[in-house]
(Lines give C-alpha, C1' and ligand atoms only; values in the text may rest on other atoms or scores of the structure.)
Protein backbone atom coordinates (compact mmCIF):
# COMPACT_ATOMS: atom_id res chain seq x y z
CA UNK A 1 0.00 0.00 0.00
CA UNK A 2 1.39 3.38 -1.09
CA UNK A 3 0.36 6.57 0.69
CA UNK A 4 0.75 9.76 -1.21
CA UNK A 5 1.29 12.93 0.70
CA UNK A 6 1.49 16.38 -0.63
CA UNK A 7 3.03 19.46 0.81
CA UNK A 8 1.15 22.70 0.54
CA UNK A 9 3.21 25.82 0.80
CA UNK A 10 1.55 28.72 2.49
CA UNK A 11 2.68 32.09 1.29
CA UNK A 12 3.50 34.56 4.01
CA UNK A 13 0.78 37.10 4.62
CA UNK A 14 1.41 40.40 2.99
CA UNK A 15 0.45 43.56 4.69
CA UNK A 16 -2.49 45.22 3.05
CA UNK A 17 -1.57 48.54 1.63
CA UNK A 18 -3.98 51.35 2.37
CA UNK A 19 -6.47 52.03 -0.39
CA UNK A 20 -5.21 54.49 -2.93
CA UNK A 21 -6.77 57.90 -2.73
CA UNK A 22 -8.14 59.25 -5.96
CA UNK A 23 -6.33 62.22 -7.41
CA UNK A 24 -7.47 65.65 -6.25
CA UNK A 25 -8.89 66.39 -9.69
CA UNK A 26 -11.22 63.39 -9.39
CA UNK A 27 -12.32 64.44 -5.90
CA UNK A 28 -12.99 67.99 -7.09
CA UNK A 29 -14.97 66.74 -10.11
CA UNK A 30 -17.13 64.58 -7.83
CA UNK A 31 -17.72 67.50 -5.48
CA UNK A 32 -18.65 69.75 -8.40
CA UNK A 33 -21.03 67.10 -9.74
CA UNK A 34 -22.72 66.72 -6.35
CA UNK A 35 -22.93 70.48 -5.94
CA UNK A 36 -24.41 70.91 -9.41
CA UNK A 37 -26.98 68.18 -8.71
CA UNK A 38 -27.95 69.91 -5.44
CA UNK A 39 -28.49 73.23 -7.19
CA UNK A 40 -30.45 71.53 -9.99
CA UNK A 41 -32.77 70.06 -7.34
CA UNK A 42 -33.19 73.50 -5.78
CA UNK A 43 -34.06 75.07 -9.12
CA UNK A 44 -36.45 72.23 -9.87
CA UNK A 45 -38.21 72.79 -6.55
CA UNK A 46 -38.77 76.43 -7.46
CA UNK A 47 -39.76 75.48 -11.00
CA UNK A 48 -43.51 75.65 -10.43
CA UNK A 49 -45.49 78.86 -10.33
CA UNK A 50 -46.98 78.32 -6.84
CA UNK A 51 -43.58 77.54 -5.28
CA UNK A 52 -41.98 80.52 -6.93
CA UNK A 53 -44.79 82.73 -5.57
CA UNK A 54 -44.23 81.20 -2.11
CA UNK A 55 -40.52 82.01 -2.31
CA UNK A 56 -41.21 85.59 -3.38
CA UNK A 57 -43.68 86.06 -0.55
CA UNK A 58 -41.31 84.60 2.04
CA UNK A 59 -38.51 86.83 0.79
CA UNK A 60 -40.72 89.90 1.30
CA UNK A 61 -41.22 88.79 4.92
CA UNK A 62 -37.55 88.00 5.52
CA UNK A 63 -36.10 87.48 8.12
CA UNK A 64 -39.16 86.91 10.31
CA UNK A 65 -41.07 84.74 7.86
CA UNK A 66 -44.78 83.98 7.81
CA UNK A 67 -47.14 81.54 9.45
CA UNK A 68 -48.83 79.02 7.18
CA UNK A 69 -52.23 80.69 7.49
CA UNK A 70 -50.83 84.01 6.23
CA UNK A 71 -49.15 82.33 3.28
CA UNK A 72 -52.40 80.54 2.46
CA UNK A 73 -54.58 83.64 2.63
CA UNK A 74 -52.08 85.76 0.68
CA UNK A 75 -51.65 83.26 -2.16
CA UNK A 76 -55.07 81.59 -2.01
CA UNK A 77 -53.64 78.05 -2.09
CA UNK A 78 -55.57 75.12 -0.62
CA UNK A 79 -54.09 73.93 2.72
CA UNK A 80 -53.11 70.45 1.52
CA UNK A 81 -51.54 71.85 -1.65
CA UNK A 82 -49.67 74.51 0.30
CA UNK A 83 -48.39 71.89 2.71
CA UNK A 84 -47.05 69.85 -0.22
CA UNK A 85 -45.30 72.87 -1.75
CA UNK A 86 -43.78 73.99 1.54
CA UNK A 87 -42.49 70.48 2.23
CA UNK A 88 -40.82 70.33 -1.19
CA UNK A 89 -39.15 73.70 -0.62
CA UNK A 90 -38.09 72.67 2.89
CA UNK A 91 -36.69 69.37 1.62
CA UNK A 92 -34.44 71.27 -0.81
CA UNK A 93 -33.34 73.63 2.01
CA UNK A 94 -34.93 76.66 0.36
CA UNK A 95 -37.12 77.41 3.37
CA UNK A 96 -36.76 76.77 7.07
CA UNK A 97 -39.56 76.11 9.51
CA UNK A 98 -39.88 76.66 13.22
CA UNK A 99 -42.71 75.85 15.59
CA UNK A 100 -43.94 78.60 17.85
CA UNK A 101 -46.52 77.11 20.19
CA UNK A 102 -49.26 76.06 17.77
CA UNK A 103 -48.00 77.92 14.68
CA UNK A 104 -45.49 76.93 12.03
CA UNK A 105 -43.36 79.81 10.82
CA UNK A 106 -41.71 79.51 7.41
CA UNK A 107 -38.94 81.73 6.16
CA UNK A 108 -36.78 81.82 3.05
CA UNK A 109 -33.32 80.35 3.58
CA UNK A 110 -31.27 83.33 2.41
CA UNK A 111 -27.97 81.48 2.83
CA UNK A 112 -29.04 78.69 0.48
CA UNK A 113 -30.33 81.23 -2.04
CA UNK A 114 -27.00 83.09 -1.89
CA UNK A 115 -25.16 79.85 -2.64
CA UNK A 116 -27.48 79.15 -5.56
CA UNK A 117 -27.04 82.63 -7.01
CA UNK A 118 -23.30 82.44 -6.49
CA UNK A 119 -23.24 79.16 -8.39
CA UNK A 120 -25.27 80.62 -11.26
CA UNK A 121 -23.22 83.79 -11.58
CA UNK A 122 -19.72 82.57 -10.73
CA UNK A 123 -18.79 81.64 -14.27
CA UNK A 124 -20.56 84.40 -16.14
CA UNK A 125 -19.12 87.13 -13.94
CA UNK A 126 -15.64 85.73 -13.44
CA UNK A 127 -14.46 83.94 -16.54
CA UNK A 128 -16.28 85.17 -19.60
CA UNK A 129 -18.01 88.33 -18.35
CA UNK A 130 -21.36 87.37 -19.97
CA UNK A 131 -23.07 89.36 -17.22
CA UNK A 132 -21.23 92.20 -15.56
CA UNK A 133 -21.16 92.12 -11.78
CA UNK A 134 -22.38 95.72 -11.73
CA UNK A 135 -25.53 94.62 -13.55
CA UNK A 136 -26.31 92.09 -10.85
CA UNK A 137 -25.70 94.68 -8.16
CA UNK A 138 -28.12 97.09 -9.92
CA UNK A 139 -30.80 94.36 -9.99
CA UNK A 140 -30.55 94.00 -6.22
CA UNK A 141 -31.15 97.69 -5.46
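The values are calculated or read from the model by the stated rules, or taken from the named source; none is laboratory data. Model, not experiment: these values are computed from the prediction. Reconstructed Cβ throughout: ideal geometry from the backbone, glycine too, with neighbour counts over all protein chains shown.
Figures for the structure shown
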{"read-out": "Residue tally, condition farther than 23 Å from residue 41 by Cβ and either within 23 Å of the chain's Cα centre (by Cα) or assigned to a loop (DSSP other than H, G, I, E, B) (or both), over the range 53-67", "value": "5"}
{"read-out": "Check on residue 58, within 16 Å of residue 111 (Cα to Cα), at pLDDT 95 or above and in contact with a helix residue (DSSP H, G or I) (Cβ under 6 Å, 6 or more places away or on another chain)", "value": "no"}
{"read-out": "Residues located in the range 73-90, provided they are farther than 15 Å from residue 56 by Cβ, assigned to a helix (DSSP H, G or I) and free of Cβ contacts under 8 Å to residues at least 24 places away in the same chain", "value": "73, 79, 80, 83, 84, 87, 90"}
{"read-out": "In the range 91-114, the residues that are touching a residue at least 12 places away in the same chain (Cβ under 8 Å) and assigned to a helix (DSSP H, G or I)", "value": "91, 110, 112, 113"}
{"read-out": "Selection from the range 98-111 of residues that are modelled with pLDDT of 95 or more and in contact with a helix residue (DSSP H, G or I) (Cβ under 7 Å, 6 or more places away or on another chain)", "value": "106, 107, 108"}
